[in-house]
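Here's the structure, in structure tokens; my notes come after.
The values are calculated or read from the model by the stated rules, or taken from the named source; none is laboratory data. Note that the coordinates shown come from a computational prediction; the quantities given were computed from them, not determined experimentally. Glycine also receives a Cβ, built like all others from the backbone with ideal geometry; neighbour counts cover every protein chain displayed.
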Amino acid sequence: MSVFFQSEIPAFDILKKENRPVADISLSPDSTLKIGILNLMPKKISTETQLLRQLSYSSHDISVDFIRVSSHISKNTPQEHIDKFYIPFCDISNKHYDGFIITGAPIEKIPFEQVDYWDELCRIMDWTEKNCNSVFYICWGAQAGLYYKYGIDKYMLDGKMFGIFEHSANTSHPILKNFPDKFYVPHSRHTSIHESDVFSKKELTVLSVSETAGIYLIADDKNNFFVTGHSEYDDNTLADEYFRDLSKNLPINIPENYFIDNDPQKGVKNLWSDCAHRLYSNWTDICANSKKPN
């Protein structure tokens, strides 16, 4: 099946070269699964490619809209790119999506209410309850959703959670269908949530936990998913972060369980991509099979 989006987006040529099934949005049939992506990451072009790649493993035809907040100006992506390929939230407020993704953002050290687009993000999260079959919250986006919807706050870690960590899987849930009992996920964050806060909410079900990285995947009773890691990351995403911080003389440890023999010169061992493909494929199945929320 194909993922339909604007062919001028840089991800299009990248995924074509990878032989992924992509096509221009103008060719999409009416029957496609409609997915909206609120991309809050600073390097939006990289995130577009990562998420579109994951969606290309779905068993459904998918058409994708990229959404932006109006209350924030990106410093790391050309404004002309955003103006050309992103729809302001106010322009899609009457639209229905089968699935909606809210990405992370590297602002986890800032209190939620001090984020310049917090009020608009809260309006978007409210809007999804009636206009989206399912929402997939990623990393900081997951923390923001848990805080706004369930009052679960984040807390600072003593050191950055950075690397590839083993997780358990509740394979009885559809989003973890065909997963092994143990699988791996990249994490890159300075904050976490208390497990006791999550388990205290009857609306929430924990589906995956890591002994090191903590809770990874949570479902609520409204068909939404809160994902604390970054399954969508490319092979070199953590390496880029590591070498960036080294070049700035910032404190950074080698990402755990990531480089071959723990040696940055030997390259990366990718332990997570197969399950990442399954995760997004399973989620699109859930989106397709879900009824519109009341």
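What to note about this one:
- Being more than 16 Å from Gln143 (Cα to Cα), β-branched (Val, Ile, Thr) and modelled with pLDDT of 95 or more is a property that Thr212 has.
- Selection within segment 228-241 - outside any loop (DSSP other than H, G, I, E, B) and in contact with a strand residue (DSSP E or B) (Cβ under 8 Å, 6 or more places away or on another chain): Thr237, Leu238, Ala239, Glu241
- From the options Ile25, Ile37, Ile62, residue that is in contact (Cβ under 8 Å) with a residue 24 or more places away in the chain and under 12 Å from the mean Cα position of the chain (by Cα): Ile37
- Every condition in (1) free of Cβ contacts under 8 Å to residues at least 12 places away in the same chain; (2) closer than 27 Å to Phe112 by Cβ; (3) assigned to a loop (DSSP other than H, G, I, E, B) is met by Asn223 except one, and the failing one is (1).
- When Pro255, Pro264 are checked against the criterion of being over 20 Å from the mean Cα position of the chain (by Cα) and surrounded by 13 or more Cβ atoms within 10 Å (Cβ to Cβ), a single residue qualifies: Pro264.
- Single condition Glu195 does not satisfy, out of (1) under 24 Å from Ile107 (Cβ atoms); (2) modelled with pLDDT under 95: (2)
- Matching residues in segment 92-122 - criterion: being modelled with pLDDT under 95 and acidic (Asp, Glu): Glu108, Asp116
- Residue within segment 256-277 that is within 19 Å of Thr103 (Cβ to Cβ) and either part of a strand (DSSP E or B) or of a type in the set (S, T, N, Q) (or both) present: yes
- Within segment 4-18, the set of residues being exposed (fewer than 14 other Cβ atoms within 10 Å of the Cβ) and under 23 Å from the mean Cα position of the chain (by Cα) comprises Glu8, Pro10, Asp13, Lys16, Glu18.
- Qualifying residues in segment 153-191 (those that are β-branched (Val, Ile, Thr) and surrounded by 21 or more Cβ atoms within 10 Å (Cβ to Cβ)) - the one nearest to Asn257 (Cα to Cα): Ile164
- Some residue of segment 265-278 being of a type in the set (Lys, Arg), within 25 Å of Ser63 (Cα to Cα) and modelled with pLDDT of 95 or more: yes
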